[in-house]
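Chemist: First the structure, then my questions, so here it is.
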Amino acid sequence: MKLQTVSIFVDDQQRAADFYTTKLGFEIAADVPMGEHRWLTVVEHGRPDGTQISLEPKGHPAAAPFTEALVADGIPFCVLGVDDVQAEYDRLTGLGVDFTQPPTDLGPVIIAVLDDTCGNLLQLAQFTG
């Protein structure tokens, strides 16, 4: 058994697809029209068999209040592992990505938190120990 797909609730699927591919470097894995929305997933570049992220529209009544509460409290929706948080921070700020927390060394991990432009905060993490 393996983790196949995780969902991130987004305000706008196209804006999310653009951000997750052009800024974060993911690749589109699936893009299937489904009426008003799409089954839209991204996957780590070069790893088509990796865990997919479903860019899920906030259609369920609980999704918007849930994600808004996380953002209001500064809580990232998920953690993305990187080899070098500072390098990713520099690269992404150069691309215009907004961070709510710059790289911060917490001992066994260095983290930074960014806004995905689609209603979520994402944490970058570099495990050092």
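Quick note: the coordinates plus some simple rules give every number you see, no bench work behind them. Just so it is clear, the structure is predicted and the values come from calculations on it, not from any experiment. Backbone-built Cβ (ideal geometry, glycine too); neighbour counts: all protein chains shown.
Chemist: Restricting to the stretch 119-129, and then to whatever is within 25 Å of Phe9 (Cα to Cα) and among the small types (Gly, Ala, Ser), can you tell me which residue is surrounded by the fewest Cβ atoms within 10 Å (Cβ to Cβ)?
Modeler: Applying the filter and picking the extreme gives Ala125.
Chemist: Identify the residue in the stretch 101-118 that is in contact with a Phe, Trp or Tyr (Cβ under 7 Å, 6 or more places away or on another chain) and assigned to a loop (DSSP other than H, G, I, E, B) and, among all such residues, is surrounded by the fewest Cβ atoms within 10 Å (Cβ to Cβ).
Modeler: That would be Pro108.
Chemist: Let me ask another. I'm checking my understanding of the structure. Among residues of the stretch 40-50 that are surrounded by 14 or more Cβ atoms within 10 Å (Cβ to Cβ) and over 13 Å from the mean Cα position of the chain (by Cα), which one is nearest to Asp84 (Cα to Cα)?
Modeler: Checking each candidate, the answer is Gly50.
Chemist: While we're looking at this one, here's another question. Output the residue which, of all residues in the stretch 51-82 that are within 15 Å of the chain's Cα centre (by Cα) and among the small types (Gly, Ala, Ser), is surrounded by the fewest Cβ atoms within 10 Å (Cβ to Cβ).
Modeler: Step by step, filter the stretch 51-82, then rank; the result is Gly74.
Chemist: Which residue pairs have Cβ atoms under 7 Å apart, sit 6 or more places apart or on different chains, and have a first residue in the stretch 68-96 that is touching a residue at least 40 places away in the same chain (Cβ under 8 Å) and within 17 Å of Phe26 (Cα to Cα) and a second that is of a type in the set (Lys, Arg) and surrounded by 13 or more Cβ atoms within 10 Å (Cβ to Cβ)?
Modeler: Short answer, once both residue conditions are applied: Leu92/Lys23; Leu95/Lys23.
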